[in-house]
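J.: The structure that follows is given in the form of structure tokens.
What follows is calculated from the coordinates using simple rules that are stated; it is not laboratory data. Worth saying up front: this structure is predicted, and the values here are computed from it rather than measured. Glycine gets a Cβ as well: all are built from the backbone with ideal geometry, and neighbour counts include every protein chain shown.
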Amino acid sequence: MTPDAGTEASPRTSRFEIPLAVLTAAACFSAVFLVPILGALGVPLAAVPLVRLAHRRGFVTGVLGCGLAAAVVFGVSLAIGGLAESIAMALVAAAVSFVPTAGVGFLRAGSDPSRCYLGIGLAGCAFLAASYAASASGPGPSLSSEVAAAFGRMTPSVIASYSRAGADAATVATIRAALAGAQELAQAYLWGIFGALWVLGSAVAFYGGAAAARPNPTADKARFERLSVPPIAAGLFVACGAGFAVFAGEARRVAGNLLLPLLALYFVAGLSIICHFFRKWFRARLLRAGLYALACYFPINVGVALLGLFDWYVDFRRRGEGFAGEAKE
């Protein structure tokens, strides 16, 4: 397949574009094998080169790249583990890369970029919900119980490391209570946590891949600073928040699991509004990156999420442009 019109790829880049995208994606995903915790940051990055490939070479080529990357992950996983685990990791790699790439397919068909991103988020959350339900109703231990067991195994070693470091009794008690709270939170709201991570990661994959593909006609449409969330999501957010505050038991748990991905969505939306203005006010990319990192810290991230939540009513981008125009006059 030939590159899209408007791309300026050199012959060398065109020749190695597909294998480089596949190997880069597989390497990013496989980082989780080497560094189990920090390596998970490479999972959303794994889809970026494949989304870029779909923008530049077409949807079919992007899907082919997803399949090849999953095959490489299967080979790496098989070399260090069993067959069942290798198949599971390959399926996860295929899903993580294919869903954002499918969003590019809808974008190339003329869909709104914001709706494409929202579709990616919904598809991923639906897949996670189905997987979680299958795990809970299956014959073996559920994923929640496995997470609780993992915390149970980890807590004594963490406490022992603090004790060996000479921490006082109050600090050790605080760490123990924090780990117990994290275990309870992960066990009760595991699906919501995974859903929130998917919403954040899909934004990196979809918009990061588009940024890497520019100049390109379809990639130019998918700009992070133009992201908008429909008003119906605000109503769902309010309903879930009310349910979480009023209900108890399983109803509260369901509301909380729905609320977490919506919180992540509105954080992403608020960050896109900030990006809209930062790109105009600050020309230095390093400064903008530092400010974006600052926006992720608590309690600033709460304000960023509220910014995204109220945008449907206030339209901060339009009002900001209006204020800037009045200031110039």
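J.: Which peptide among 190-203, 119-132 comes first, and what is the full order, when sorted by highest mean count of other Cβ atoms within 10 Å?
T.: Details: 190-203: 23.1, 119-132: 18.2.
In descending order of packing, they fall as 190-203, 119-132.
J.: Then there's this: What is the distance in Å between the Cα centres of the stretch 158-197 and the stretch 245-285?
T.: Taking the Cα centre of the stretch 245-285 as reference, the centre of the stretch 158-197 is 24 Å away.
J.: Would you order 18, 87, 232 from fewest to most other beta-carbon atoms within 10 Å of each residue's own beta-carbon?
T.: Numbers: 18 20, 87 13, 232 9.
Going from least to most buried by this count: 232, 87, 18.
J.: Related question: Using only Cα positions of the stretch 58-140, each an equal point scatterer, no hydration layer, compute I(q)/I(0) via Debye at q = 0.16, 0.24 Å⁻¹ and quote the log10 values to two decimals.
T.: Those come out to -0.73, -1.09, one per q.
J.: Here is a follow-up. What percent do you get for the relative contact order of the stretch 223-322 when only Cα pairs under 8 Å and 6+ apart count? Write out the running numbers ahead of the final one.
T.: Working: 84 pairs, mean separation 33.3, N = 100.
Relative CO of the stretch 223-322 lands at 33 percent.
J.: Just rank 260, 107, fewest to most, by other beta-carbon atoms within 10 angstrom. Let's see the in-between values first.
T.: On the way: 260 20, 107 25.
Fewest-to-most Cβ neighbours within 10 Å comes out as 260, 107.
J.: Let me ask something else about it. Provide 221, 280 in ascending order of the number of other Cβ atoms located within 10 Å of each residue's Cβ, fewest first.
T.: Details: 221 17, 280 12.
If I rank by nearby Cβ atoms, fewest first, I get 280, 221.
J.: Right, another one. Just how large is the dipole of the chain about the Cα centre, in debye to the nearest 20, putting +1 at every Lys and Arg Cβ and -1 at every Asp and Glu Cβ?
T.: 720
J.: If you average the sequence gap of Cα pairs under 8 Å that are 6 or more apart and divide by the length of the chain, what percent do you get for the contact order? Provide the component values of the computation, followed by the final result.
T.: Details: 390 pairs, mean separation 55.3, N = 329.
It comes to 17 percent, rounded to a whole number.
J.: With helices defined as uninterrupted DSSP H runs, which ones in the chain have an alpha carbon span along their own long axis of at least 24 Å and mean Kyte-Doolittle hydropathy of at least 1.0? The partial results should precede the final answer.
T.: Working: long enough: 11-34 (34 Å, 1.06); 59-80 (32 Å, 2.23); 83-108 (37 Å, 1.54); 113-137 (36 Å, 0.93); 143-164 (32 Å, 0.37); 169-188 (29 Å, 0.79); 190-213 (34 Å, 1.52); 250-281 (47 Å, 0.91).
Those that pass (Cα extent of 24 Å or more, hydropathy at least 1.0) are 11-34, 59-80, 83-108, 190-213.
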